[in-house]
């Protein structure tokens, strides 16, 4: 069964068709999180947002692990007749995008043309996985047993959200309170960073354009990407959630990235 998805813009029928922009949100989010970015891009690109299992209008769907989530993403792309696409993923969505790119689905005929990763982790050293999963289990228990009104204020006090001010935190708490706690808990455990295989080396080995985006104030993920060979952009005056805090800058990054892919595709087409 495909995941819930929404499309924006008009499909282009050009000599070298533009890829569809496919957006994957983070934990507690939904496709609607990308609305400001899509408002800027949909006049020029065909855009598709996907609500991941346990979230948004896919709240009642679940998946056991990365493999099953990846299958659902592929089924959704096939359902939408996507032939060429760029994946844009945030946090959990970025990790799923990396897994998607490094674990091809043999039944899929769609071509992944490039990937933009926003604040996604490449994978933990094995020695850190047990402690991480224990921490995720504690959060999952709280999401299942307590009201979101009690859990979310603590969730957004975690160090990764330290760049948020009081008003931003309150806005996120209000926005995320319509989630189904048990669905969030299942997805948190299914896609725990502790269960994610190390993806950095596999990703670097792909002949695929990859761009990493992080906020200037997101010190954890800045350090993470600065220690790699990946191309990356640091967005000034932004924290972990760049596409919400600086949607104009984030949209510009996507636009430039896709244009560059188009230029390279056109050049290789001519050379052939």
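A short reminder: the numbers here are calculations on the coordinates, not readings from a lab. If you're wondering where the values come from, they're calculated on a predicted model, not measured in any experiment. When we count neighbours, we look across all protein chains shown, and the Cβ atoms used for this are built from the backbone with ideal geometry, even at glycine.
Determine, for each peptide in 215-223, 104-112, the mean count of other beta carbons within 10 angstrom over its residues, then list the peptides with the highest first.
On the way: 215-223: 18.2, 104-112: 12.9.
So the peptides 215-223, 104-112, ranked by packing, come out 215-223, 104-112.
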**OP:** Starting from the Cα of residue 147, move 7 Å in the Cα-to-Cβ direction to define the label point; list residues of region 169-210 whose amide nitrogen is under 11 Å from there.
**Re:** none
**OP:** Once you have a ≥ b ≥ c as the square roots of the Cα gyration tensor eigenvalues for region 119-184, tell me rounded if a/c is under 1.5, and otherwise prolate or oblate according to whether a/b is larger than b/c.
**Re:** oblate
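When a/c is below 1.5 the answer is rounded, else prolate if a/b is larger than b/c, else oblate, so apply that to region 145-272 with a ≥ b ≥ c taken from the square roots of the Cα gyration tensor eigenvalues.
Working: a/c = 2.19, a/b = 1.76, b/c = 1.25.
Prolate is the answer for region 145-272, as a/c is 1.5 or above and a/b outweighs b/c.
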**OP:** Determine the gain in length on full extension of the stretch residue 138-residue 42; use 0.36 nm per residue of separation and subtract their C-alpha separation, reporting nm with one decimal.
**Re:** 30.6 nm
Original post:
How high is the relative contact order of region 89-154, given as a whole-number percent (alpha carbon pairs under 8 Å, six or more residues apart)?
Top reply: 35 percent
**OP:** Just order 117-127, 44-54 by mean Cβ neighbour count inside 10 Å, highest at the front, would you?
**Re:** 44-54, 117-127
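Pairs of alpha-carbon atoms within less than 8 angstrom and 6+ residues apart define the contacts here; what relative contact order does the chain have, in percent?
Details: 481 pairs, mean separation 57.9, N = 272.
Answer for the chain is 21 percent.
Tell me the relative contact order for region 1-159 as a rounded percent, counting alpha carbon contacts under 8 Å between residues six or more apart. Mind showing how you got there, number by number?
Working: 238 pairs, mean separation 36.4, N = 159.
Relative contact order, region 1-159: 23 percent.
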Subject >> Listed candidates [x] 41, 23, 18; [y] 48, 20, 15; [z] 29, 20, 19 - label of the one calculated as semi-axes √(5λ) of the Cα gyration tensor in Å >> reply: [z]
**OP:** Based on the mean of other Cβ atoms within 10 Å per residue, sort peptides 236-244, 206-214 so the most packed one is first.
**Re:** 236-244, 206-214
Original post:
Helix 126-145 sits at what angle to the longest principal axis of the chain, using alpha carbons and giving 0 to 90 degrees rounded to 10?
Top reply: 70 degrees
Original post:
residue 81 versus residue 168, label points 7 Å from Cα toward the beta carbon: distance in nm?
Top reply: 4.1 nm
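What FRET efficiency do you get for residue 11 and residue 216 if R0 is 25 Å and r is their Cβ-Cβ distance, rounded to the nearest 0.05? Provide the component values of the computation, followed by the final result.
Working: r = 36 Å, r/R0 = 1.42.
Step by step, r from the Cβ atoms, then E = 0.10.
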Original post:
If one takes the longest principal axis of the Cα atoms in the chain, at what angle in degrees, from 0 to 90 and to the nearest 10, does the Cα axis of helix 66-79 lie?
Top reply: 50 degrees
Subject >> Rounded, prolate or oblate (a/c below 1.5 giving rounded, otherwise prolate when a/b exceeds b/c) for region 58-138 by Cα gyration tensor >> reply: prolate
Original post:
Helix 166-176 versus the longest principal axis of the chain: what angle, 0 to 90°, nearest 10, using Cα atoms?
Top reply: 80 degrees
